[in-house]
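Values quoted throughout were computed directly from the atomic coordinates according to the rules given, and no laboratory measurement underlies them. What you see is a predicted model, and the numbers here were worked out from it, not measured in a lab. Here Cβ is always computed from backbone atoms with ideal geometry, including for glycine, and neighbour counts include all displayed protein chains.
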Amino acid sequence: MKKGITTGLAALIASTTMTPVAFADDHSSDDVKEDQQAPDSSSDESEETGEESVELIDTLTLDAAVEHALTDNTSLMLLQYRLDNLKSQLAATEDDHRDLENDIDDLEDDFDDLKEQPGNTFQPRYQIHNQIKKMENSLDQLEDAFEELTSNQVTLEFNQQEAEENIKFKTISTFMNLVMTKDQLAFTKDSLETQRKQVKATKRKYDLGLASRNEFRTDQRELTRLESQINQTETTLQNNLRDFAADIGIVYHDDLSLEAPDTESVEPIEQEETTEELISNSYSMKTAKEELELAKYKLEQAKENIDDTEKDVDAKDVEQAEITVKQKKENITQLKEDLKQAIASLFTDATNQYQTVMDKRYELDYAKEDHQNLKRRLDLGLVSQLKYDTANNQLEQAQLDYKKAKQEYFLLKNQVDLLRAGVIQTGGSGQQAGMK
């Protein structure tokens, strides 16, 4: 069973537990003599225990990560179980409704037959009449239950679809953050090598009296800081990668690597749909409207039954139902404003990030030009190798900044895709994806 993390789905699945992936222990075989054939102990043991061998993934792509995240996802399975249960209740309610209608038809036939019989049939006809009234009341209750169950099913289907889209985006977001951390780590390691050369150069100058003790210690401290930063980043990266592997249900091992997706295509993101269309298509708005329709139905039923002495409905029930309808309407009004702001904010962020990508590209072009000029000066012996190496780090920093800007833009494009799929993340109520 894959581990379940319910973030944003807590209101739907409060009892979700986290179950780690179970792995089979590695078994080492004893040395065997040359004239003996070593038995396949791992195969025998797997047959005895019934455990299946787990395939190790060496290189994980983004598409594969998303596919694994959606496969046997605990949160989605729990939602599906709830949905199946609702469908079962609906089917049972339909059966009960049909059976009750048939029973009422039979009693009405019996009632008509009694009217045609000679003699006093008032008493049996009165009893049948009472039975029919009770059954009709039960029929009304079944119809109300069916209406509510149907509404709950629609809402749960929206929740299920929204959860799936959230899981996709959460997987993409986590994957890209891991890739960006890996890129930053590689750059820091390159900076470390340059800093080591800097320390050696400063040490020689210090020994010759050309640099102060403070300059030497400053370079040493920077070297120590970079070493510490690399160690911490490596530990954090491995821990996060291990957690990510467990979340999407794959086996973690030290050689597991991530294949970064192509982020070279950078085109402006346009809002092709109107804000009203995006809001109407959102799962949160669909759910809110479904809840309003159910509230309206309950209000109409309360009004119809208020004068029925056999129904347990009074003026306070009608008043409460009216308040509920008003609340649902107000919720929709507020939701529209929240979604409008979220949509505008997202497309503004996309526009700004696109400009950031362009700026970083120009900065990289300038850095390349400066680096080429410095290379010519190095070849002429006008600058030291250390100064050239330091400038090379500046070029690598510009390359990293440009790459990171494109990766962040890639994430924003996926967030826009998420919005167009019906999931609009608002500041106060945006659901996060539930991993396994």
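Placing one equal scatterer on every Cα of region 303-436 and applying the Debye formula, the log10 ratio I(q)/I(0) at q = 0.14 Å⁻¹ is -0.83. Label separation (Asn373 vs Arg225): 2.8 nm, computed from points 7 Å beyond Cα along the C-beta direction. The largest-to-smallest principal axis extents of the Cα set in region 92-209 are 133, 18, 13 Å. What pairs from Lys168/Lys368; Lys189/Lys404; Lys289/Lys316 go past 26 Å between their alpha carbons? Checking Cα-Cα distances, Lys168/Lys368 exceed 26 Å. When you count the other C-beta atoms within 10 angstrom of each residue and take the mean per peptide, 359-372, 246-259, 265-278 line up highest first as 246-259, 359-372, 265-278.
Under unit Cβ charges (Lys, Arg +1; Asp, Glu -1), what dipole magnitude, rounded to 20 debye, does region 114-265 have relative to its Cα centre?
1180
Taken along the Cα-to-beta-carbon direction at a fixed 7 Å, the label points for Ser280 and Glu267 span 2.6 nm.
Over region 288-362, Cα pairs under 8 Å with separation of 6+ residues give a relative contact order of 31 percent. A cut-off under 12 angstrom between Cβ atoms defines the neighbours of Asn352, and their net charge, with Lys, Arg +1 and Asp, Glu -1, is -3. In order along region 136-146, the phi-based Karplus estimate (6.51 cos²θ - 1.76 cosθ + 1.60, θ = phi - 60°) of 3J(HN,Hα) comes to 5, 5, 5, 5, 4, 5, 5, 5, 5, 5, 5 Hz; Gly and Pro are listed as x. For region 138-200 versus region 338-374, the inter-centroid distance based on Cα atoms is 24 Å.
Extension gain Glu147-Asp99, at 0.36 nm per residue separation less the Cα-Cα distance, in nm?
Once the chain is fully extended between Glu147 and Asp99, it gains 15.5 nm.
Net charge of the neighbourhood of Leu185, taken over other residues with C-beta under 14 Å away and scored Lys/Arg +1, Asp/Glu -1, is -2. Annotation: amide H of Thr61 within the under-5 Å range of Glu259, sequence separation 5 or more or interchain, hydrogens built in the peptide plane. Model label points for Tyr366 and Gln89, set 7 angstrom from Cα along the Cα-to-Cβ axis, are 6.4 nm apart.
Quote the Stokes-Einstein diffusion coefficient, in whole µm² s⁻¹, for region 190-253, based on the Kirkwood radius over alpha carbon pairs, a temperature of 20 °C and a viscosity of 1.002 mPa s.
Working: Rh = 13.9 Å.
Here the translational diffusion coefficient equals 154 µm²/s.
I want the local charge near Leu292. Using Cβ-Cβ distances under 9 Å, sum +1 for each Lys or Arg and -1 for each Asp or Glu among the other residues.
Working: positive: Lys289, Lys296, Lys328, Lys329; negative: Glu290, Glu291, Glu293.
Around Leu292, the surrounding residues sum to +1.
With one equal scatterer per alpha carbon and no solvent term, the Debye-computed log10 I(q)/I(0) for region 259-363 at 0.13, 0.19, 0.24 1/Å reads -0.67, -0.97, -1.17.
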